[in-house]
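A short reminder: the numbers here are calculations on the coordinates, not readings from a lab. All values reported here derive from a predicted model rather than from experimental measurement. Here the Cβ positions follow ideal geometry from the backbone for every residue, glycine too, while neighbour counts run over all protein chains shown.
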Amino acid sequence: MPLRSMDRTHQSPSGTAVRESYRPPVVNAFTVDVEDYYMVSAFADSVRFEEWSRYESRVEKNTRRLFEMLDRHGVKGTFFILGWVAERCPGLVRDIGSAGHEVACHGYRHRLIYTMTPEQFREDVHRAKGILEECAGTAVAGYRAASYSIVKETLWALDILIEEGFRYDSSIFPIHHDRYGIPGGERFAHRIERAGGALVEIPPSTITLFGQNVPVAGGGYLRLFPLGITRAAIKSINRREGKPVVVYLHPWEIDPHQPRIRCGLKSRVRHYLNLKSTAAKVESLLREFPFGPMSSLLEGAR
């Protein structure tokens with residue numbers, strides 16, 4: 001929701017009326033990318049899509065743990081769900097929506113956009129959106145690409161999202177990364193105008209240090225940084241910049257007992273780092289900061 005300043009008046013010790021500016025707390029966005037542990041991009045060379053059904057599924061159990069956690073703190077969030085998962089767990093999608101959370105789209109099979117043609121991307125996102133809307137019984141307004149793979153070379157994906165009826169996207173990470181990112185991109189929710197229309201882009205959160213955007217409060221970054229650093233970053237963005245933070249994670253990140261996948265060292269570090277501490281970090285953030293679904297940020301977008 002937008003941050004509005006409001007005036008309020010109180011009496012000074014001398015009895016004089018004093019007017020001061022009051023700002024309500026910023027409501028951040030809590031988001032979950034609903035995919036299973038073996039579906040991640042880091043394991044794409046080890047686990048082929050055609051083999052997914054052979055692996056033990058833990059996504060429903062872990063996702064239900066997350067929205068039970070949210071319920072304890074009275075928080076509603078946004079769940080970006082893979083179409084492949086929704087086909088096999090339609091009850092999970094219905095329950096997410098029935099609990100008051102927002103159902104959003106994460107594509108059908110977790111393919112990086114820059115590995116697809118525009119026609120393949122359209123087919124993937126159209127199929128996933130249709131499945132999710134049928135399961136949830138409501139329109140799906142938001143999209144997030146696998147591994148934030150809308151980069152400079154794939155900005156054409158925004159045109160397709162607009163044509164497919166999405167109101168907002170959360171796929172452009174304004175950082176340097178070996179797999180994704182548009183360095184120097186806008187850090188907060190903003191409106192993007194394209195030839196065929198417009199949508200709101202809501203980037204994952206960053207702080208600026210020494211002229212560089214540093215990612216915070218999501219996924220591997222949430223697991224990597226000590227809780228104190230994450231808390232300080234959220235407070236800085238909320239209080240100094242007056243902006244909401246986008247927190248994101250995956251159901252497998254609260255599951256330290258998940259089966260291990262054989263893969264290279266970099267992928268092992270990225271996936272398995274600090275899994276044991278993620279749930280406790282999330283609980284702490286939910287206790288301290290106000291959160292809502294991603295759609296609550298649309299009003300504040302320029």
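Net charge near Ala232: determine it from the other residues with C-beta under 14 Å of the C-beta of Ala232, scoring Lys and Arg +1 and Asp and Glu -1.
Details: positive: Arg231, Lys235, Arg239, Arg240, Lys281; negative: Glu241, Glu288.
With Lys, Arg at +1 and Asp, Glu at -1, the neighbours total +3.
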If you average the sequence gap of Cα pairs under 8 Å that are 6 or more apart and divide by the length of the chain, what percent do you get for the contact order? 23
Using θ = phi - 60° and the Karplus curve 6.51 cos²θ - 1.76 cosθ + 1.60, what whole-Hz ³J(HN,Hα) does each residue of region 273-287 get, with Gly and Pro shown as x? 4, 6, 4, 5, 9, 5, 4, 5, 4, 4, 4, 5, 5, 5, 6
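How much net charge surrounds Cys89 when only other residues with a Cβ under 12 Å from its Cβ are counted (Lys, Arg +1; Asp, Glu -1)?
Charge balance in the 12 Å sphere: 0.
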Cα→Cβ-extended label distance, 7 Å offset, between Glu283 and Arg194, nm: 4.2
Quick one: Cα centre-to-centre distance for region 50-88 and region 94-147, in angstrom? 14
Would you check the chain for Lys pairs whose C-alpha atoms are within less than 27 Å, ignoring same-chain pairs closer than 8 in sequence, and give me the count? 18
Under the Karplus relation 6.51 cos²θ - 1.76 cosθ + 1.60, θ = phi - 60°, what is the ordered set of whole-Hz ³J(HN,Hα) values for region 164-181, x standing for Gly and Pro? 7, x, 7, 8, 8, 10, 9, 10, 9, 8, x, 9, 8, 7, 6, 10, 7, x
Charged-residue dipole, Cβ positions (Lys, Arg, Asp, Glu), region 155-213 about Cα centre, Debye nearest 20: 200
Filter the chymotrypsin sites (Phe, Trp or Tyr not before Pro) in region 47-117 to those in DSSP coil with at most 16 other Cβ atoms within 10 Å of their Cβ, and list the result. Tyr55
What residues qualify as long-range amide H neighbours of Glu102, i.e. H under 5 Å apart, gap of 5 or more or another chain, H built at 1.01 Å from N? Gly77, Thr78, Phe79
With a sphere of radius 9 Å drawn around the Cβ of Ser205, what net charge do the other residues whose Cβ falls strictly inside it have (Lys, Arg +1; Asp, Glu -1)? +2
